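Please read the structure below before turning to the comments.
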Amino acid sequence: MAEWHKQRERGSRIGMALLFWLYRHGGRFLILPVVYVVVFYFFLTRSATRRYSRLYLKRAEASVSLWNVWLHHVSFARALVDRLGAWMGRIKRTDVEFSGHQRLLQLQREKQGAVMLGAHYGNLEMCRAVVENEGTLKLNVILHTANTQKFNQLLDSASDQVQMRLIQVEEITPATAITLKQKLDDGEFLILLADRLPPSNEQRFFTQKFLGVDARFPVGPFWLALLLQAPVFFMAGYRSKNGYRAELQPLYNGAKVLRSQRDETCRVLLHGFVTQLEILCRRNPLQWFNFYDFWGDDTPPNTTENQEH
């Protein structure tokens, strides 16, 4: 099984820097034709991503034509361009319809942060960029960045805010939890991506049906969300037919959970997270970007891990 973090980031830094230069001086009008050519090359040369795109689109009840698989790849590339544009200030907070913005502002005024569980759906990084540039909210992203280091380095040249609230955590220690709790108490917000197993801890996962098929989801984000005793939301930012949109859906009120009830509550939280993600995947299927063997379709049955905690 080709895990997502083992897939090397392709494309040279020089090529990425060229795309950055094109965007800065010519905007989307100049950069998109180049991006489409690059995506077409990878579309032709990566049979695995085409296969996993088809499998996902079928489960999302979308068309699995070659054209739709191509559009799935294009959608991913456009999300990267939007991410770059947001950090450069080309996409502003006013360009994004965000119904949950006022709720987060209210929490911030009350000096109460929240945990937002996100997925590799749409463009959550664009949401962080527009609110950081606006200066209204402080969103801290906790994630693994090893397979996108080149692109993150490129973003650094777009804005000095990129790395400011990017927290890379290999494992959650008591010291880490204390630091994150302090940010919440200061009215800041934490974003955790909850739809991929972290490379440092692939042995601990929950099994949950996603789009009708059992899939593995990491324990860490859900366990941490409950441990921090803060409100928990599902959050996604994406491009819709009517423009950019961000969604915020409540999952948990932040009440303290007894250790004996933590596992059961984590599963309830996971179920709510997956339910929200499924709604978006069926509504806008081209926006979910996990181009690898997510469901383990190509994993021999006798080697499939079965460790659930």
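The values are calculated or read from the model by the stated rules, or taken from the named source; none is laboratory data. Worth saying up front: this structure is predicted, and the values here are computed from it rather than measured. When we count neighbours, we look across all protein chains shown, and the Cβ atoms used for this are built from the backbone with ideal geometry, even at glycine.
One table, with the values for the structure above:
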| item | result |
| --- | --- |
| Residue check for Gly237: closer than 27 Å to Thr176 by Cβ, of a type in the set (Gly, Ala, Ser), modelled with pLDDT under 95 and touching a Cys at 6+ places or on another chain (Cβ under 7 Å) | yes |
| Residue count for segment 220-262, restricted to those that are touching a Phe, Trp or Tyr at 6+ places or on another chain (Cβ under 6 Å) and aliphatic (A, V, I, L, M) | 5 |
| Residue in segment 215-238 that is assigned to a loop (DSSP other than H, G, I, E, B), more than 17 Å from the chain's Cα centre (by Cα) and more than 30 Å from Gln108 (Cα to Cα) present | no |
| Scan of segment 13-25 for residues that are out of contact with any helix residue (DSSP H, G or I) (no Cβ under 8 Å at 6 or more places or on another chain) and either at pLDDT 75 or above or polar (S, T, N, Q) (or both), ordered by number | Trp21, Arg24, His25 |
| Segment 173-203: number of residues that are surrounded by 12 or more Cβ atoms within 10 Å (Cβ to Cβ), modelled with pLDDT of 90 or more and outside any loop (DSSP other than H, G, I, E, B) | 10 |
| Any hit, segment 251-270, residues being in contact (Cβ under 8 Å) with a residue 60 or more places away in the chain, of a type outside the set (Ser, Thr, Tyr) and part of a loop (DSSP other than H, G, I, E, B) | yes |
| Unique match (being out of contact with any Cys (no Cβ under 8 Å at 6 or more places or on another chain), at pLDDT below 75, surrounded by fewer than 20 Cβ atoms within 10 Å (Cβ to Cβ) and not aliphatic (A, V, I, L, M)) among Glu170, Glu134 | Glu170 |
| Residue match in segment 284-298 (condition: loosely packed, with under 14 Cβ neighbours inside 10 Å and touching a helix residue (DSSP H, G or I) at 6+ places or on another chain (Cβ under 9 Å)) | yes |
| Answer residue from segment 105-118, given it is touching a helix residue (DSSP H, G or I) at 6+ places or on another chain (Cβ under 9 Å) and surrounded by fewer than 24 Cβ atoms within 10 Å (Cβ to Cβ) and is farthest from Pro199 (Cα to Cα) among those | Lys111 |
| Single match in Val34, Val141, Val115, Val74 (criterion: in a strand (DSSP E or B) and out of contact with any Lys or Arg (no Cβ under 8 Å at 6 or more places or on another chain)) | Val115 |
| Any hit, segment 280-288, residues being within 15 Å of the chain's Cα centre (by Cα) and part of a strand (DSSP E or B) | yes |
